[in-house]
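Undergrad: One structure, pasted below without further comment.
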Amino acid sequence: MRSKLDIKVSKPEQMELAYLTHFLHADKNGSAKYYSNPAKEYLQNLGEENILKDKDPDQLSFPIEWDVPFPPPEKPKFKFIDLFAGIGGFRLSLQNLGGKCVFTSEWNHFAQKTYEANFGEVPFGDITKIDEANIPDHEVLVAGFPCQPFSIAGVSKKNALGRKHGFLDETQGTLFFDVVRILKKKKPKAFLLENVKNLVSHDKGKTFIVIREALKELGYNIHYKVLDGKYYVPQHRERIIIVGFRRDIFGGKEEFQFPEREEIPFALEDILEEKVEEKYTLSDKLWKYLQDYAAKHKAKGNGFGFGMASMDGITRTLSARYYKDGSEILIPQERRNPRRLTPRECARLQGYPDSFLIPVSNNQGYRQFGNSVVVPLMQAVGANIIKELEKINAGNSTKSHSGCTGVANSIL
Ligand SMILES: C[S@@+](CC[C@H](N)C(=O)[O-])C[C@H]1O[C@@H](n2cnc3c(N)ncnc32)[C@H](O)[C@@H]1O
(Lines give C-alpha, C1' and ligand atoms only; values in the text may rest on other atoms or scores of the structure.)
Protein backbone atom coordinates (compact mmCIF):
# COMPACT_ATOMS: atom_id res chain seq x y z
CA MET A 1 0.00 0.00 0.00
CA ARG A 2 2.78 2.44 0.85
CA SER A 3 4.52 1.92 -2.47
CA LYS A 4 1.21 2.16 -4.30
CA LEU A 5 0.56 5.49 -2.64
CA ASP A 6 4.14 6.61 -3.23
CA ILE A 7 4.82 7.28 0.46
CA LYS A 8 8.53 8.01 0.45
CA VAL A 9 10.07 10.59 2.73
CA SER A 10 12.91 12.15 0.80
CA LYS A 11 12.83 15.84 1.64
CA PRO A 12 11.43 18.17 4.28
CA GLU A 13 7.97 19.70 4.08
CA GLN A 14 6.29 16.95 2.04
CA MET A 15 2.96 18.38 3.13
CA GLU A 16 0.95 16.25 0.73
CA LEU A 17 2.32 13.08 2.34
CA ALA A 18 1.67 14.48 5.79
CA TYR A 19 -1.96 15.18 4.84
CA LEU A 20 -2.40 11.78 3.22
CA THR A 21 -0.92 9.74 6.06
CA HIS A 22 -2.70 11.77 8.72
CA PHE A 23 -5.90 11.18 6.79
CA LEU A 24 -5.23 7.44 6.68
CA HIS A 25 -5.00 7.50 10.47
CA ALA A 26 -7.93 9.83 10.97
CA ASP A 27 -11.30 8.89 12.35
CA LYS A 28 -14.54 9.84 10.72
CA ASN A 29 -16.05 12.13 13.27
CA GLY A 30 -12.82 13.53 14.53
CA SER A 31 -9.69 14.48 12.70
CA ALA A 32 -10.62 13.36 9.14
CA LYS A 33 -12.06 16.75 8.19
CA TYR A 34 -8.73 18.44 8.85
CA TYR A 35 -6.93 16.32 6.31
CA SER A 36 -9.47 15.02 3.79
CA ASN A 37 -9.35 17.58 0.95
CA PRO A 38 -5.58 17.70 0.40
CA ALA A 39 -5.44 13.91 0.85
CA LYS A 40 -8.10 13.34 -1.78
CA GLU A 41 -6.38 15.75 -4.13
CA TYR A 42 -3.15 13.81 -3.68
CA LEU A 43 -4.87 10.53 -4.50
CA GLN A 44 -6.53 12.04 -7.55
CA ASN A 45 -3.19 13.33 -8.84
CA LEU A 46 -1.78 9.88 -8.32
CA GLY A 47 -4.69 8.34 -10.21
CA GLU A 48 -5.59 6.32 -7.11
CA GLU A 49 -8.87 8.03 -6.34
CA ASN A 50 -10.59 4.66 -6.79
CA ILE A 51 -9.22 3.80 -3.39
CA LEU A 52 -11.99 6.07 -2.16
CA LYS A 53 -14.69 4.23 -4.07
CA ASP A 54 -17.23 2.52 -1.83
CA LYS A 55 -15.77 4.37 1.10
CA ASP A 56 -17.47 6.95 3.16
CA PRO A 57 -16.32 10.15 1.45
CA ASP A 58 -15.44 11.71 4.77
CA GLN A 59 -13.30 8.89 5.87
CA LEU A 60 -10.72 6.99 4.01
CA SER A 61 -10.12 4.62 6.93
CA PHE A 62 -10.43 1.60 4.69
CA PRO A 63 -9.50 -1.40 6.76
CA ILE A 64 -5.83 -0.78 6.62
CA GLU A 65 -3.43 -3.62 7.14
CA TRP A 66 -0.76 -1.53 8.73
CA ASP A 67 2.63 -2.66 7.52
CA VAL A 68 4.42 -0.70 10.22
CA PRO A 69 5.57 -2.00 13.61
CA PHE A 70 3.58 0.53 15.66
CA PRO A 71 0.13 1.07 14.14
CA PRO A 72 -2.47 3.14 15.99
CA PRO A 73 -4.47 1.39 18.72
CA GLU A 74 -7.72 -0.12 17.51
CA LYS A 75 -9.79 1.14 20.40
CA PRO A 76 -8.11 4.35 21.49
CA LYS A 77 -8.65 5.60 25.02
CA PHE A 78 -7.57 9.19 24.37
CA LYS A 79 -6.19 11.45 21.66
CA PHE A 80 -2.92 13.30 21.71
CA ILE A 81 -0.68 15.41 19.50
CA ASP A 82 3.06 14.95 19.16
CA LEU A 83 5.05 18.19 18.67
CA PHE A 84 8.80 18.41 17.98
CA ALA A 85 8.23 14.73 17.50
CA GLY A 86 11.73 13.57 16.56
CA ILE A 87 11.39 9.87 15.89
CA GLY A 88 8.33 9.46 18.06
CA GLY A 89 9.57 8.55 21.55
CA PHE A 90 6.54 10.23 23.06
CA ARG A 91 4.27 8.67 20.48
CA LEU A 92 5.44 5.19 21.34
CA SER A 93 4.96 5.85 25.07
CA LEU A 94 1.44 7.21 24.65
CA GLN A 95 0.36 4.64 22.07
CA ASN A 96 1.42 1.99 24.60
CA LEU A 97 -1.09 3.59 26.95
CA GLY A 98 -3.89 3.37 24.39
CA GLY A 99 -3.50 6.87 22.97
CA LYS A 100 -4.17 7.80 19.37
CA CYS A 101 -2.02 10.46 17.78
CA VAL A 102 -4.09 12.90 15.71
CA PHE A 103 -1.37 15.36 14.66
CA THR A 104 2.38 15.36 14.56
CA SER A 105 5.06 17.85 13.56
CA GLU A 106 8.80 17.41 13.03
CA TRP A 107 10.77 19.28 10.41
CA ASN A 108 13.89 17.14 10.04
CA HIS A 109 13.24 14.82 7.13
CA PHE A 110 15.60 12.10 8.38
CA ALA A 111 13.61 11.98 11.60
CA GLN A 112 10.39 12.05 9.54
CA LYS A 113 11.65 9.02 7.63
CA THR A 114 12.20 7.02 10.82
CA TYR A 115 8.86 8.21 12.16
CA GLU A 116 6.99 7.15 9.03
CA ALA A 117 8.70 3.76 8.87
CA ASN A 118 7.56 2.99 12.40
CA PHE A 119 4.18 4.67 12.71
CA GLY A 120 3.01 4.99 9.10
CA GLU A 121 2.54 8.73 9.44
CA VAL A 122 4.65 11.52 7.94
CA PRO A 123 4.91 14.43 10.39
CA PHE A 124 3.98 17.91 9.24
CA GLY A 125 7.05 20.17 8.99
CA ASP A 126 7.90 23.52 10.55
CA ILE A 127 5.50 24.08 13.43
CA THR A 128 5.88 27.87 13.18
CA LYS A 129 4.08 27.71 9.84
CA ILE A 130 1.15 25.64 11.06
CA ASP A 131 -2.07 27.41 11.94
CA GLU A 132 -3.26 26.10 15.31
CA ALA A 133 -6.83 26.18 13.99
CA ASN A 134 -5.85 23.36 11.63
CA ILE A 135 -4.91 20.99 14.45
CA PRO A 136 -7.58 18.47 15.50
CA ASP A 137 -8.97 18.35 19.03
CA HIS A 138 -7.05 16.23 21.51
CA GLU A 139 -6.90 15.50 25.22
CA VAL A 140 -3.14 15.57 25.70
CA LEU A 141 -0.41 17.65 24.06
CA VAL A 142 3.17 16.36 24.24
CA ALA A 143 6.28 18.27 23.21
CA GLY A 144 10.02 18.21 23.75
CA PHE A 145 10.55 21.75 22.51
CA PRO A 146 14.01 23.23 21.96
CA CYS A 147 15.16 25.55 24.75
CA GLN A 148 15.52 29.23 23.78
CA PRO A 149 16.04 32.36 25.86
CA PHE A 150 13.26 34.85 26.46
CA SER A 151 13.61 38.59 26.58
CA ILE A 152 13.26 39.36 30.26
CA ALA A 153 16.99 39.89 30.69
CA GLY A 154 17.69 42.42 33.40
CA VAL A 155 14.43 41.83 35.22
CA SER A 156 14.92 40.31 38.64
CA LYS A 157 12.94 37.24 39.62
CA LYS A 158 10.83 39.25 42.05
CA ASN A 159 10.06 42.01 39.59
CA ALA A 160 9.38 39.48 36.92
CA LEU A 161 6.71 37.86 39.04
CA GLY A 162 5.04 41.16 39.82
CA ARG A 163 4.90 42.32 36.24
CA LYS A 164 1.83 43.96 34.81
CA HIS A 165 2.15 42.42 31.39
CA GLY A 166 1.50 38.77 30.82
CA PHE A 167 4.25 36.26 30.44
CA LEU A 168 2.66 34.99 27.28
CA ASP A 169 4.03 38.08 25.48
CA GLU A 170 7.56 37.10 26.33
CA THR A 171 7.35 33.82 24.52
CA GLN A 172 6.80 35.45 21.08
CA GLY A 173 9.28 34.38 18.46
CA THR A 174 10.39 31.22 20.26
CA LEU A 175 9.40 27.63 19.66
CA PHE A 176 7.84 27.53 23.12
CA PHE A 177 5.47 30.20 21.78
CA ASP A 178 4.22 27.64 19.27
CA VAL A 179 3.37 25.30 22.13
CA VAL A 180 1.63 28.20 23.87
CA ARG A 181 -0.50 29.24 20.91
CA ILE A 182 -1.62 25.63 20.34
CA LEU A 183 -2.51 25.18 24.01
CA LYS A 184 -4.39 28.48 23.95
CA LYS A 185 -6.47 27.53 20.94
CA LYS A 186 -6.98 23.80 21.48
CA LYS A 187 -7.13 23.70 25.30
CA PRO A 188 -6.23 20.03 25.77
CA LYS A 189 -7.10 18.71 29.23
CA ALA A 190 -3.45 18.03 29.99
CA PHE A 191 0.03 18.39 28.57
CA LEU A 192 3.41 16.79 29.01
CA LEU A 193 6.55 18.77 28.15
CA GLU A 194 10.13 17.58 28.31
CA ASN A 195 13.40 19.43 28.17
CA VAL A 196 17.01 19.34 29.24
CA LYS A 197 17.58 19.67 32.98
CA ASN A 198 19.38 22.97 32.41
CA LEU A 199 16.15 24.58 31.32
CA VAL A 200 15.53 25.23 35.02
CA SER A 201 18.75 27.21 35.49
CA HIS A 202 18.94 28.61 31.97
CA ASP A 203 19.50 32.41 31.89
CA LYS A 204 19.67 32.48 35.71
CA GLY A 205 16.28 30.82 36.00
CA LYS A 206 14.44 33.46 33.96
CA THR A 207 13.63 31.17 31.06
CA PHE A 208 11.90 28.74 33.37
CA ILE A 209 9.94 31.51 35.11
CA VAL A 210 8.56 32.65 31.77
CA ILE A 211 7.62 29.10 30.81
CA ARG A 212 5.94 28.32 34.13
CA GLU A 213 4.06 31.58 34.36
CA ALA A 214 2.97 31.50 30.71
CA LEU A 215 1.52 28.02 31.23
CA LYS A 216 -0.30 29.20 34.36
CA GLU A 217 -1.67 32.19 32.46
CA LEU A 218 -3.13 29.76 29.97
CA GLY A 219 -5.20 28.27 32.78
CA TYR A 220 -3.15 25.21 33.69
CA ASN A 221 -2.03 23.91 37.06
CA ILE A 222 1.61 22.96 36.74
CA HIS A 223 3.70 20.09 38.14
CA TYR A 224 7.38 19.81 37.33
CA LYS A 225 10.32 17.71 38.35
CA VAL A 226 13.73 16.62 37.15
CA LEU A 227 13.54 12.87 36.53
CA ASP A 228 16.34 10.44 35.74
CA GLY A 229 15.92 7.79 33.06
CA LYS A 230 18.26 5.45 34.96
CA TYR A 231 15.35 3.81 36.77
CA TYR A 232 14.05 2.58 33.40
CA VAL A 233 17.14 2.09 31.22
CA PRO A 234 20.85 1.77 32.07
CA GLN A 235 21.54 5.42 31.31
CA HIS A 236 21.91 8.48 33.50
CA ARG A 237 19.63 10.97 31.74
CA GLU A 238 18.09 13.78 33.71
CA ARG A 239 15.31 15.76 32.13
CA ILE A 240 12.87 18.35 33.36
CA ILE A 241 9.32 17.16 32.91
CA ILE A 242 6.49 19.67 33.06
CA VAL A 243 2.93 18.42 33.34
CA GLY A 244 -0.16 20.62 33.31
CA PHE A 245 -3.86 20.06 33.96
CA ARG A 246 -6.61 22.49 33.00
CA ARG A 247 -7.71 24.32 36.11
CA ASP A 248 -11.30 24.73 34.90
CA ILE A 249 -11.67 20.96 34.62
CA PHE A 250 -9.57 19.64 37.49
CA GLY A 251 -9.99 22.63 39.82
CA GLY A 252 -6.31 22.37 40.69
CA LYS A 253 -7.14 19.20 42.63
CA GLU A 254 -5.67 16.52 40.42
CA GLU A 255 -3.74 13.91 42.38
CA PHE A 256 -1.06 13.58 39.75
CA GLN A 257 2.32 12.40 41.00
CA PHE A 258 5.56 11.84 39.18
CA PRO A 259 6.58 8.19 39.15
CA GLU A 260 9.01 7.33 41.92
CA ARG A 261 11.50 4.50 41.62
CA GLU A 262 14.47 3.74 43.79
CA GLU A 263 15.95 0.63 42.22
CA ILE A 264 18.12 0.76 39.14
CA PRO A 265 16.88 -2.40 37.42
CA PHE A 266 19.24 -2.69 34.45
CA ALA A 267 22.95 -2.61 33.76
CA LEU A 268 24.68 -1.70 30.52
CA GLU A 269 25.48 -5.36 29.77
CA ASP A 270 21.73 -6.07 29.56
CA ILE A 271 21.36 -3.99 26.42
CA LEU A 272 24.53 -4.81 24.49
CA GLU A 273 24.39 -6.74 21.24
CA GLU A 274 26.13 -10.10 21.19
CA LYS A 275 27.97 -9.66 17.94
CA VAL A 276 29.20 -6.26 16.93
CA GLU A 277 30.94 -5.40 13.68
CA GLU A 278 34.56 -4.37 13.74
CA LYS A 279 33.75 -0.90 12.42
CA TYR A 280 32.45 0.12 15.85
CA THR A 281 35.89 -0.38 17.43
CA LEU A 282 37.78 2.92 17.68
CA SER A 283 40.73 3.31 15.33
CA ASP A 284 44.16 3.64 16.98
CA LYS A 285 44.24 7.25 15.85
CA LEU A 286 40.92 8.21 17.39
CA TRP A 287 41.59 6.27 20.59
CA LYS A 288 44.97 8.03 20.98
CA TYR A 289 43.36 11.39 20.31
CA LEU A 290 40.69 10.81 22.97
CA GLN A 291 43.27 9.69 25.54
CA ASP A 292 45.55 12.67 24.83
CA TYR A 293 42.59 15.04 24.99
CA ALA A 294 41.49 13.61 28.34
CA ALA A 295 45.05 13.81 29.72
CA LYS A 296 45.35 17.45 28.65
CA HIS A 297 42.13 18.37 30.38
CA LYS A 298 42.97 16.39 33.47
CA ALA A 299 46.23 18.33 33.74
CA LYS A 300 44.23 21.56 33.62
CA GLY A 301 42.04 20.29 36.43
CA ASN A 302 38.83 19.72 34.49
CA GLY A 303 38.09 16.05 34.43
CA PHE A 304 35.91 15.72 31.37
CA GLY A 305 37.23 13.36 28.78
CA PHE A 306 35.87 10.20 27.31
CA GLY A 307 33.48 8.07 29.31
CA MET A 308 34.51 4.45 29.62
CA ALA A 309 31.33 2.70 30.64
CA SER A 310 31.25 -0.11 33.15
CA MET A 311 29.36 -3.20 32.09
CA ASP A 312 27.55 -3.66 35.38
CA GLY A 313 26.72 0.02 35.72
CA ILE A 314 24.87 2.67 33.78
CA THR A 315 26.16 4.98 31.05
CA ARG A 316 26.54 8.72 30.84
CA THR A 317 23.86 10.65 28.97
CA LEU A 318 23.67 9.80 25.28
CA SER A 319 23.78 13.03 23.31
CA ALA A 320 22.94 13.95 19.72
CA ARG A 321 26.67 14.41 19.08
CA TYR A 322 27.46 10.77 19.82
CA TYR A 323 27.96 10.19 16.08
CA LYS A 324 31.08 12.38 16.14
CA ASP A 325 33.42 10.15 18.14
CA GLY A 326 31.23 8.24 20.56
CA SER A 327 33.46 9.49 23.34
CA GLU A 328 30.81 9.94 26.01
CA ILE A 329 29.96 6.24 26.10
CA LEU A 330 32.76 3.82 25.23
CA ILE A 331 32.50 0.08 25.69
CA PRO A 332 35.67 -1.57 26.96
CA GLN A 333 36.85 -4.61 24.97
CA GLU A 334 39.47 -7.19 25.89
CA ARG A 335 42.82 -6.74 24.12
CA ARG A 336 41.31 -4.20 21.73
CA ASN A 337 40.53 -0.54 21.63
CA PRO A 338 37.14 0.30 23.11
CA ARG A 339 34.17 0.50 20.79
CA ARG A 340 31.23 2.79 20.47
CA LEU A 341 27.62 1.71 20.83
CA THR A 342 25.75 0.55 17.75
CA PRO A 343 22.62 2.48 16.75
CA ARG A 344 20.53 -0.48 17.98
CA GLU A 345 22.22 -0.30 21.38
CA CYS A 346 21.49 3.45 21.46
CA ALA A 347 17.85 2.63 20.72
CA ARG A 348 17.82 0.16 23.62
CA LEU A 349 19.52 2.71 25.87
CA GLN A 350 16.50 4.95 25.28
CA GLY A 351 14.09 2.10 25.92
CA TYR A 352 13.02 1.43 22.32
CA PRO A 353 12.01 -2.17 21.56
CA ASP A 354 14.04 -4.02 18.93
CA SER A 355 11.05 -3.97 16.60
CA PHE A 356 11.66 -0.22 16.17
CA LEU A 357 13.03 0.25 12.65
CA ILE A 358 16.12 2.35 11.96
CA PRO A 359 15.83 3.17 8.23
CA VAL A 360 18.54 5.88 8.20
CA SER A 361 22.35 5.97 8.19
CA ASN A 362 24.25 5.25 11.40
CA ASN A 363 25.08 8.93 11.82
CA GLN A 364 21.45 9.97 11.54
CA GLY A 365 20.47 7.11 13.83
CA TYR A 366 22.89 8.27 16.53
CA ARG A 367 21.54 11.82 16.29
CA GLN A 368 17.96 10.66 16.43
CA PHE A 369 18.33 8.45 19.49
CA GLY A 370 20.56 11.01 21.17
CA ASN A 371 17.77 13.58 20.81
CA SER A 372 15.07 11.26 21.96
CA VAL A 373 13.27 10.62 25.21
CA VAL A 374 13.54 7.56 27.46
CA VAL A 375 10.40 5.82 26.27
CA PRO A 376 9.47 3.84 29.42
CA LEU A 377 10.02 6.90 31.62
CA MET A 378 7.65 8.96 29.48
CA GLN A 379 5.22 6.10 29.55
CA ALA A 380 5.32 6.04 33.34
CA VAL A 381 4.66 9.79 33.51
CA GLY A 382 1.98 9.47 30.83
CA ALA A 383 0.27 6.66 32.74
CA ASN A 384 -0.15 8.93 35.77
CA ILE A 385 -1.59 11.69 33.58
CA ILE A 386 -4.08 9.31 31.98
CA LYS A 387 -5.10 8.07 35.44
CA GLU A 388 -6.20 11.62 36.25
CA LEU A 389 -8.07 11.98 32.97
CA GLU A 390 -9.88 8.72 33.67
CA LYS A 391 -10.89 9.91 37.14
CA ILE A 392 -12.41 13.05 35.66
CA ASN A 393 -14.11 10.95 33.06
CA ALA A 394 -15.52 8.56 35.68
CA GLY A 395 -16.64 11.53 37.81
CA ASN A 396 -18.43 13.10 34.89
CA SER A 397 -20.22 9.93 33.91
CA THR A 398 -21.40 9.44 37.52
CA LYS A 399 -22.70 12.99 37.46
CA SER A 400 -24.51 12.50 34.18
CA HIS A 401 -26.08 9.27 35.48
CA SER A 402 -27.36 11.11 38.53
CA GLY A 403 -28.91 13.77 36.36
CA CYS A 404 -26.33 16.49 36.98
CA THR A 405 -24.98 18.29 34.00
CA GLY A 406 -21.84 16.45 33.14
CA VAL A 407 -19.21 17.58 30.69
CA ALA A 408 -18.28 15.02 28.04
CA ASN A 409 -18.40 11.64 29.72
CA SER A 410 -15.65 10.09 27.74
CA ILE A 411 -12.09 11.22 27.61
CA LEU A 412 -12.28 10.79 23.88
C1 LIG B 1 14.74 17.26 21.43
S2 LIG B 1 14.15 16.78 19.89
C3 LIG B 1 12.68 15.90 20.34
C4 LIG B 1 12.85 14.41 20.24
C5 LIG B 1 11.61 13.62 20.48
N6 LIG B 1 11.00 13.90 21.75
C7 LIG B 1 11.90 12.11 20.35
O8 LIG B 1 11.50 11.35 21.22
O9 LIG B 1 12.52 11.70 19.37
C10 LIG B 1 13.48 18.29 19.25
C11 LIG B 1 13.01 18.14 17.81
O12 LIG B 1 12.38 19.35 17.40
C13 LIG B 1 12.57 19.48 16.00
N14 LIG B 1 12.30 20.86 15.62
C15 LIG B 1 13.03 21.96 15.90
N16 LIG B 1 12.45 23.06 15.39
C17 LIG B 1 11.30 22.65 14.77
C18 LIG B 1 10.27 23.33 14.06
N19 LIG B 1 10.31 24.66 13.87
N20 LIG B 1 9.25 22.62 13.59
C21 LIG B 1 9.19 21.27 13.76
N22 LIG B 1 10.16 20.57 14.42
C23 LIG B 1 11.20 21.26 14.92
C24 LIG B 1 14.02 19.04 15.81
O25 LIG B 1 14.29 18.64 14.48
C26 LIG B 1 14.14 17.90 16.82
O27 LIG B 1 13.94 16.65 16.20
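Undergrad: Would you point out the residue of region 360-383, among those that are in contact with a strand residue (DSSP E or B) (Cβ under 8 Å, 6 or more places away or on another chain) and within 20 Å of Glu139 (Cβ to Cβ), that is nearest to the ligand (Cβ to nearest atom)?
TA: Step one: filter region 360-383 for residues in contact with a strand residue (DSSP E or B) (Cβ under 8 Å, 6 or more places away or on another chain), giving 373-374, 377-378, 381-382.
From what is left, the residues that are within 20 Å of Glu139 (Cβ to Cβ) are 373, 378, 381-382.
Details: Val373: 4, Met378: 8, Val381: 13, Gly382: 13 Å.
Checked region 360-383; the qualifying residue nearest to the ligand (Cβ to nearest atom) is Val373.
Undergrad: Suppose the filter is crowded, with 20+ Cβ neighbours inside 10 Å, at pLDDT 95 or above and among the aromatic types (Phe, Trp, Tyr); does Tyr224 pass it?
TA: On the way: crowded, with 20+ Cβ neighbours inside 10 Å: no; at pLDDT 95 or above: yes; among the aromatic types (Phe, Trp, Tyr): yes.
Against the criterion (crowded, with 20+ Cβ neighbours inside 10 Å, at pLDDT 95 or above and among the aromatic types (Phe, Trp, Tyr)), Tyr224 does not qualify.
Undergrad: Oh, and also: What about Ile358, is it in contact (Cβ under 8 Å) with a residue 12 or more places away in the chain and assigned by TED's automatic domain parsing to the domain that holds Phe84? Write out each step before concluding.
TA: Numbers: in contact (Cβ under 8 Å) with a residue 12 or more places away in the chain: yes; assigned by TED's automatic domain parsing to the domain that holds Phe84: no.
When the stated conditions are applied, Ile358 does not pass them.
Undergrad: If we scan region 304-317, do we find a residue that is of a type in the set (Lys, Arg) and assigned to a helix (DSSP H, G or I)?
TA: Going residue by residue through region 304-317, those that are of a type in the set (Lys, Arg) are 316.
From the residues that got through so far, the ones that are assigned to a helix (DSSP H, G or I) too are none.
No - not one qualifying residue is present in region 304-317.
Undergrad: Name the helices (runs of 4 or more DSSP H) wholly inside region 8-119 in which the number of residues that are at pLDDT 95 or above is 1 or more. Before you say what the answer is, go through the steps one by one.
TA: On the way: elements: 15-25, 32-46, 89-96, 109-119.
Result: 89-96, 109-119.
Undergrad: Please count how many residues of region 93-152 are closer than 27 Å to Asp203 by Cα, away from the ligand (no atom under 15 Å from the Cβ) and either in the same structural domain as Ser36 (by TED's automatic domain parsing) or not β-branched (Val, Ile, Thr) (or both).
TA: 3
Undergrad: Could you list, ordered by first residue, the pairs with Cβ atoms under 6 Å in which the first is in region 193-218 and away from the ligand (no atom under 15 Å from the Cβ) and the second is assigned to a helix (DSSP H, G or I) and among the polar types (S, T, N, Q), at least 6 apart or interchain?
TA: Listed by first residue and then by second, the contacts come to Ala214/Thr171.
The values are calculated or read from the model by the stated rules, or taken from the named source; none is laboratory data. Remember, it's a predicted structure, so these values are computed and weren't measured experimentally. Ideal geometry is used to build each Cβ from the backbone, glycine not excepted, and the neighbour counts take in all protein chains shown.
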